[in-house]
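The values are calculated or read from the model by the stated rules, or taken from the named source; none is laboratory data. If you're wondering where the values come from, they're calculated on a predicted model, not measured in any experiment. Counting neighbours? That spans all protein chains shown, and the Cβs are built from the backbone with ideal geometry, glycine included.
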Amino acid sequence: MRRTGGSPLSRRINERVQEIKPSGIRKFFELVIGRRDVISLGVGEPDFQVPWNIRESMIYSLEKGWSSYTSNWGLKELREGIADYYKKFGVDVSYENVLITTGVSEGLDLALRALINPGDVVLIPEPCYVAYKPLTFLAYGEPVSIPTTPNFDINYDVLNRYSKFDPKILIINYPNNPTGVTYDKKTLEEIADFVFENDLIVISDEIYAELTYRGKHLSIASLNGMEDRTVILNGFSKAYAMTGFRIGYAIASDEIIQAMTKIHQYCMLCAPITSQIGALEALKLREEELDRIRAEYMRRRNFFVKRIGKVLEVRKPDGAFYAFPCIKDTGLSSEEFAERLLIEKGVAVVPGNAFGECGEGYVRCAYALEMERLKVAVERIVDFVESVKSK
Amino acid sequence: MSKELEILRILEENARLSAREIGDMVGLSEDEVKEIIKKFEDEGVILKYKTLIDWEKVGEENVYAIIDVRVTLTREKSYDDIAKRIAKFPEVHAVRLISGDYDFQVVVKGKSLKDVAFFVAEKISTLPEVRDTFTHFVLRSYKEEGVLLFKDEEDRRLAFVP
């Protein structure tokens, strides 16, 4: 082993970084390589392209040579546009409370770093997006998981069991990746009650807000008194398919957003200008266009859940483009199921345990796929489950 | 959106889905979907099921021309009368009343330039109400019925993204 100044280089790596395990999904990548027959339901991004108006505006901006830094906060017109846009989710804020970030991922990192002192407890309902725990941990917080299986619901009673940990932050994500569950007003009010009683800050990841199929998305920040206690995270990846452009934003009270911007100005400086221009154009997209996209996802969801529901237990998702069926009846673990389905039938899904321990016994299926291919994928899954069950 | 309209939207995009598949997409039974489709067919809401074909790919070259037609209206001959007369020719692909310098836009389909040119000269220009015509031959088509006829975008997504 190579030594520098007496200790192995690996030991020089920050202890918390050393402790983080690499993603379990990695081995699945290798199984896909070289296979042309694979239909992937493992993708966390839309299947349609970025609307042409958005792409065209970015191309035009490049032709004009717009390639400089922007203000740390992001383009003022974009911040104003977002402040105005969020009214549709019940929140009325000044553009000064909006920070443009390099995707929700950066916003999440900033929020956690801006709020956490070493040892602070962060409550994370699971199954959840893969970044919440590691980023909390890297910010020297102590993540505490709240398992929500098998219903994926949270409410006051569930949360209240965790007040004994003396938490400081609660992270919520709705519509949820990976379960597709969203929260109605009553649920949000129960969460808010818990938040007030325990004097918490909520980090609310609302990246799938536009993809809500039952009722309308309501931001938890819209509830009385929650505005100052909420950090809203959102972006343009899911509704406008702009995943690779890495463009998102955070909305928070003066104190919190300024603290986040302090970090952002040194670690990111600003979000990429081309992406900001695209985002500005995205805000001009007509509501009918979003309705069309929503309707399309809804049909696929209905189809997928109806067909898969014949062989696996699955809750009908209210939003996002994921279904999270339970595969315990097959007697396989999540990883075995995903691996065998991929090898034997050429369908890629993500094992549920990637989203937290309680996700074991489930798999995440993204139905962001055109109908004709989705039909084939469903047939293959049904075949697979029936063959496994019959043995 | 009502389920009935939603079924129309789905069929407009893909007429080959079965009633059962459509039922699963909108939350209706197979029979209910069949009934709704039948009703729309009977009412003439659904006019026809067709296939969009790129004939060039199999070497079948059709010639399309867009003919601008200016007409003279009389008490006896309205736009509708003239349009109907033009529309009934099998060579005519589409007839539209338009604004601007000309009155009608007529899309004509033929086997060759000559074919189309003679059809226009013999059948359209000779109508007593037609004052003059202006023929544009279509050289290449890039988008038809909302469908792009070229493919320059590919799905580059990774197979797994959390």
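Odds and ends about this structure:
- Scan of the stretch B:147-161 for residues that are closer than 30 Å to residue A:364 by Cβ and either within 7 Å of chain A (Cβ to nearest Cβ) or surrounded by 10 or more Cβ atoms within 10 Å (Cβ to Cβ) (or both), ordered by number: B:153, B:155, B:157, B:158, B:159, B:160, B:161
- If you go through the stretch A:7-51 and keep only what is part of a strand (DSSP E or B) and not hydrophobic (A, V, I, L, M, F, W, C), you end up with A:7, A:8, A:40.
- Residues that are away from every other protein chain (no Cβ under 14 Å), out of contact with any helix residue (DSSP H, G or I) (no Cβ under 8 Å at 6 or more places or on another chain) and of a type in the set (Gly, Ala, Ser) within the stretch A:10-68 comprise just one, A:65.
Rundown of residues vs (1) of a type outside the set (Lys, Arg); (2) closer than 18 Å to residue A:177 by Cβ, yes/no style:
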position: A:192; (1), (2): yes, no
position: A:196; (1), (2): yes, no
position: A:201; (1), (2): yes, no
position: A:207; (1), (2): yes, yes
position: A:210; (1), (2): yes, yes
position: A:218; (1), (2): yes, no
position: A:229; (1), (2): no, no
position: A:242; (1), (2): yes, yes
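- Checklist (1) touching a Lys or Arg at 6+ places or on another chain (Cβ under 6 Å); (2) exposed (fewer than 10 other Cβ atoms within 10 Å of the Cβ) applied to residue B:70, failing item: (2)
- Tally, over the stretch A:215-256, of residues that are more than 12 Å from residue A:203 (Cα to Cα), β-branched (Val, Ile, Thr) and not in a loop (DSSP other than H, G, I, E, B): 1
- Options B:75, B:20, B:16; residue that is within 14 Å of another protein chain (Cβ to nearest Cβ) and modelled with pLDDT under 95: B:16
- Residue in the stretch A:90-112 that is within 14 Å of chain B (Cβ to nearest Cβ), in a loop (DSSP other than H, G, I, E, B) and in contact with a Phe, Trp or Tyr (Cβ under 9 Å, 6 or more places away or on another chain) present: no
- Residues of the stretch A:299-342 classified as crowded, with 23+ Cβ neighbours inside 10 Å, part of a helix (DSSP H, G or I) and away from chain B (no Cβ under 14 Å), total: 1
- Residue, nearest to residue A:351 (Cα to Cα), within the stretch A:50-70, restricted to residues that are within 28 Å of the chain's Cα centre (by Cα), surrounded by fewer than 14 Cβ atoms within 10 Å (Cβ to Cβ) and not hydrophobic (A, V, I, L, M, F, W, C): A:56
- Restricting A:277, A:293 to residues that are in contact with a Leu (Cβ under 9 Å, 6 or more places away or on another chain), in a helix (DSSP H, G or I), at pLDDT 95 or above and of a type outside the set (Gly, Ala, Ser) narrows the list to A:277.
- Within the stretch A:343-390, considering residues that are part of a loop (DSSP other than H, G, I, E, B) and more than 22 Å from the chain's Cα centre (by Cα), the one farthest from the other protein chains (Cβ to nearest Cβ): A:390
- Residues of the stretch A:131-151 satisfying the condition of being in a loop (DSSP other than H, G, I, E, B) and either among the small types (Gly, Ala, Ser) or modelled with pLDDT of 95 or more (or both): A:131, A:139, A:140, A:141, A:148
- Reported count of residues in the stretch B:134-146, each being within 14 Å of chain A (Cβ to nearest Cβ) and out of contact with any strand residue (DSSP E or B) (no Cβ under 9 Å at 6 or more places or on another chain), is 2.
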